[in-house]
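Just below is one structure, and these are the notes that go with it.
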Amino acid sequence: MPVIEYKCQSCGSGMVFDSETETLSCPSCGRKDNIEQIPDPLKQQVFSEDEAREYHCTSCGAVIMTDPETSATTCSFCGSAVILSDRLTGSLAPAMVIPFSVSKEEAMKAFKKWCRNGLLTPSGFMTADRIKGMTGIYVPFWLYDLNNQVEVHAHATKVRIYTSGDYEYTETQHFDVYRKIRLNYVKVPIDASEKMNDALMDKLEPFPYEHLKEFKTPYLAGYIAEKYSFDDKALFPRVKDKIREYIDSYIASTVSGYTSVSYTDKQIDTTPKQAKYCLFPVWMINYDFHKSDYTFAMNGQTGKVVGKPPISKAKVAAWFAGVFGVSLLSLKLISWMMGGGFL
Amino acid sequence: MKKHRSTMAVLALLVMFAVNLVLPAQVVNAADDKQLIFDNAHLLSQEEYRELNAMANEYGAKRETDIMILTSTNPEGADVQKMTENFYDEQAPGYDKPHGNAVILTLDMYHRETYLAGFYKGEQYLDDGRLNKIRNKITPDLSNGDYKLAFEQYIKTTYKYMGFKPGVNPDNIMFNIWFQLGGAAVIGVIVVGIMAYRSGGRVTVNGWTYEDTSTSGILDHQDRYIRTTTTRRKIEKNTSSGSGGGGTTSGGHSHSGSRGSF
Ligand SMILES: [Zn+2]
Ligand SMILES: [Zn+2]
């Protein structure tokens, strides 16, 4: 039976993770259990590969309808929090988790505040009263530790311009530049879920790593959790791509004081030290506005909201007119101070 | 809807403002016009003369300076600068008083030469350099025989240049209304563009976020000097095509000037 449910030892109700106290808590009687002290039932279970892939709710017996990627959800009939344990074991066992610290109510409040602050969003949107759904999802991420050996050769110049007599001289000094750098990155996150928009997930960073906990299933109780769609090897090119711009800017910072630098040879040797499978908390918000759907994501620890809101043409025009007017007035003032006429 | 209306109001104001800058009010008061154009060489038709004289009166009044034109067939073959100075001494023009503020464009059709002179306020605001600029602007039209066009250009440019404090370059791009409008529009587009771009949230991490500073660093570096190359370029001297400059009339009136042929 690969389904885990946490039953309250006092009253028998289903227990869920409470983001405020970071405990497994019972919504009926208020009992709170410390997660660190609960024996994780995952550790005792062994599954055979060919086990029938049908899950039944342990409370009501109904078949649990899920996507193949889902590892935690709620029973659509009785609402119990269920965890599909075979999707969290073996190679699918997460190493770490950042639990939710923003509750659903707080997330709702923070989202409404964010909407109100949108300078270009239509006023109708700002009231945020069209939230269709708000789902707390543990999104799978790979955290890569990467060691980089960097060797670069560059041709650099220093240019000095001076005048002497009737001539203007341009003096260019040429340099051969060489740098050997060791550059190590730790816990670079890459989202491993096919469903999630990569650009959206990248903007959610940073995730506060001081809240990383050793993975325990009770953290998932009451939330949706996904398992990874791509393993760490498949996503290695993406993380390499992601750190490439970090490496480039690091290299540039070590070659300073020149007028121009052109790299003749850049060798970056990236070795993955380890990749840890982690679950990060994300609130997904579906919003319906003028018959279009908008999706926003919120970092479940920091409350940072990302996603493209609709843009009001009237507000764009108003802001443009305002900035245009102020700029024109400033330019006029500058020209007037330089001795030109104001009109 | 209130926001819409205020936007429209701001836009309308800006358009009015811009139009105002480009076209000075065209109020013609033909009855009070004094004679500022002395077309002794008969280069203009009656109609053209009336139009230009009215224009010179109108623009000159705003700068408190008589903007004048003198044309001559010059049968005696007199010197164009001397002609201009004598004209000023004898006619005693001036916006404020006889022998007062004036700018004179003289066309000597005999030698095909032009001379531009500025007196008093005209001299103060239109130094030799500015007069050279004006003369260079109108010379092509004069050469083509488009006298009316050249005179219009002369009146407008004189009016425009006298709006700038003495000593500054009137053709500085900062003073150009199209540059100002364009610049303001570019700033507006950039600011609103950034606002729209950032409305969806932005990446707030960089290499520092994930760098393991304790084990990262430069292991080896070298900056080897190879050689120096030097190129030189002759500095262009500002050679103006005109010559002459200003002087003082026999009557003792000092003036700026610019001379050239067409
Ligand atoms: Zn209970
Ligand atoms: Zn159920």
field: Semi-axis lengths (Å, descending) of the ellipsoid that matches the C-alpha gyration tensor of the protein assembly as shown
entry: 80, 34, 16
Total accessible area lost when A and B pair, probe 1.4 Å, Å² to nearest 100: 6000
query: Based on the Cβ-Cβ distance from B:Ala41 to B:Asp171, what FRET efficiency comes out when R0 is 22 Å, to the nearest 0.05?
result: 0.15
message: Which residue fluctuates most in the GNM of chain A (Cα springs below 10 Å): A:Ser19, A:Ser253, A:Ser71?
response: A:Ser253
task: Using the heavy atoms of the protein chains and a 1.4 angstrom probe, tell me the accessible area per residue for the protein assembly as shown in square angstrom.
output: 50
query: In nanometres, what is the gap between the two model label sites at A:Glu69 and A:Ser292, each 7 Å from Cα along Cα-to-Cβ?
result: 2.4
message: Give me the count of lysine pairs in the range A:28-178 whose alpha carbons sit under 26 angstrom apart, restricted to pairs 8 or more positions apart or on different chains.
response: 9
query: Any idea what the dipole of the range A:241-295 comes to, in debye rounded to 20, about its Cα centre with Lys/Arg Cβ at +1 and Asp/Glu Cβ at -1?
result: 180
- request: Go through A:Cys78, B:Leu43, A:Met96 and say which Cα lies farthest out towards the positive end of the charge dipole of the protein assembly as shown; charges sit on Cβ, +1 for Lys and Arg, -1 for Asp and Glu.
  value: A:Cys78
query: Taking the Cα centre of the protein assembly as shown as the origin, how large is its charge dipole in debye, to the nearest 20, when only Lys and Arg (+1) and Asp and Glu (-1) carry charge on their Cβ atoms?
result: 840
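Return the Rg/Rh ratio of the range A:86-226 with Cα-based radii and a Kirkwood Rh.
On the way: Rg = 25.8 Å, Rh = 20.7 Å.
On the Cα set of the range A:86-226, Rg over Rh gives 1.25.
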message: For q values of 0.18, 0.28 Å⁻¹, compute log₁₀ I(q)/I(0) with the Debye formula on a Cα-only model of the range B:56-119, without solvent.
response: -0.61, -1.13
field: Charge context of B:Ser45, other residues only, Cβ under 15 angstrom, K/R +1, D/E -1
entry: -4
field: Rounded to the nearest 10 Å², the accessible area of A:Val316 at probe 1.4 Å
entry: 40
field: Theoretical FRET efficiency, 1/(1+(r/R0)^6), r = Cβ-Cβ of A:Asn34 and A:Thr89, R0 22 Å, to 0.05
entry: 0.45
query: Distance from the Cα centre of the range A:275-323 to that of the range A:117-162, in angstrom?
result: 14
query: With the contact rule set at Cα under 8 Å and sequence spacing of 6 or more, what percent relative contact order holds for chain A?
result: 24
- request: In whole Hz, with x marking every Gly and Pro, tabulate ³J(HN,Hα) for the range A:221-227 from phi via Karplus 6.51 cos²θ - 1.76 cosθ + 1.60, θ = phi - 60°.
  value: 4, x, 10, 8, 10, 10, 9
- line: Averaged over the residues of B:181-194, the number of partner chain Cβ atoms within 10 Å of each residue's own Cβ comes to 5
- request: Jot down the radius of gyration and Dmax of the range A:157-274, Cα atoms only, both in angstrom.
  value: 23.1, 82
query: In terms of Cα to Cα distance under 19 Å, which aspartates and glutamates are near enough to A:Lys213, apart from those fewer than 8 places away along the same chain?
result: A:Asp18, A:Glu20, A:Glu22, A:Asp33, A:Glu36, A:Asp40, A:Asp145, A:Asp191, A:Glu205, A:Glu226
message: I'd like the accessible area for B:Arg50, computed on protein heavy atoms only with a 1.4 Å probe and all protein chains in place. Round to 10 Å², please.
response: 130
- prompt: When Lys and Arg each count +1 and Asp and Glu each count -1, what net charge do the other residues less than 13 Å away from A:Lys291, Cβ to Cβ, add up to?
  reply: 0
task: Determine one quarter of the surface area of the Cα convex hull of the range B:152-262, which equals its mean projected area, and express it in nm² to one decimal.
output: 18.3
- request: Once you've got the GNM for chain A with C-alpha springs shorter than 10 Å, pick whichever of A:Phe141, A:Phe280, A:Phe324 has the biggest mean-square fluctuation.
  value: A:Phe324
query: Considering chain A as a Gaussian network with a 10 Å cut-off on Cα pairs, which listed residue, A:Ser80, A:Ser164, A:Ser25, attains the greatest mean-square fluctuation?
result: A:Ser164
query: Which links in B:Lys82/B:Lys137; B:Lys160/B:Lys234; A:Lys332/B:Lys234; A:Lys180/A:Lys227 stretch past 28 Å when you go from one Cα to the other?
result: B:Lys160/B:Lys234; A:Lys332/B:Lys234; A:Lys180/A:Lys227
- prompt: What is the average number of partner chain Cβ atoms found within 10 Å of a Cβ in B:162-175?
  reply: 4
statement: Residue by residue through the range A:105-115, the couplings from Karplus 6.51 cos²θ - 1.76 cosθ + 1.60 with θ = phi - 60°, in Hz, x for Gly and Pro, are 5, 5, 4, 4, 5, 5, 5, 4, 5, 4, 4
statement: FRET efficiency (B:Phe179, A:Lys113; Cβ distance; R0 35 Å; to 0.05) is 0.25
field: Net +/- balance of residues flanking A:Glu69 in space, Cβ distance below 11 Å, scoring K and R +1, D and E -1
entry: 0
- prompt: Which distance in nm do the two modelled labels at B:Ile235 and A:Met134 give, with both placed 7 Å along the Cα-to-Cβ direction?
  reply: 6.9
task: Evaluate the distance, in nm, between pseudo-label points positioned 7 Å from the Cα of A:Lys213 and of B:Asp212 along their respective Cα→Cβ axes.
output: 2.6
Under Karplus coefficients 6.51, -1.76 and 1.60, residue-wise ³J(HN,Hα) of the range B:59-68 in Hz, glycine/proline x: 5, x, 4, 5, 9, 6, 9, 6, 9, 10
message: At 0.36 nm per residue, and after removing the present C-alpha to C-alpha distance, how many nm does the segment from A:Ala252 to A:Gln267 gain when stretched out fully?
response: 4.0 nm
message: Can you give me the long-range amide H partners of A:Ala221? Hydrogens built in the peptide plane at 1.01 Å from N, cutoff under 5 Å, separation of 5 or more residues or another chain.
response: A:Phe17
field: A:Glu69, A:Glu226, A:Glu54, reordered so the largest accessible area comes first (probe 1.4 Å)
entry: A:Glu54, A:Glu69, A:Glu226
- line: Charge dipole of the range B:177-238 built from unit charges on the beta carbon (Lys, Arg +1; Asp, Glu -1), centred at mean Cα; most positive-end Cα among B:Leu219, B:Gly183, B:Val205 is B:Gly183
Share of alpha-carbon pairs per 10 Å distance bin for chain A, given as whole %: 5, 18, 22, 20, 16, 10, 6, 3, 1, 0
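The values are calculated or read from the model by the stated rules, or taken from the named source; none is laboratory data. What you see is a predicted model, and the numbers here were worked out from it, not measured in a lab. When we count neighbours, we look across all protein chains shown, and the Cβ atoms used for this are built from the backbone with ideal geometry, even at glycine. Note: areas computed on protein heavy atoms with side chains; ligands, DNA, RNA excluded. Shrake-Rupley method; radii C 1.70, N 1.55, O 1.52, S 1.80 Å.
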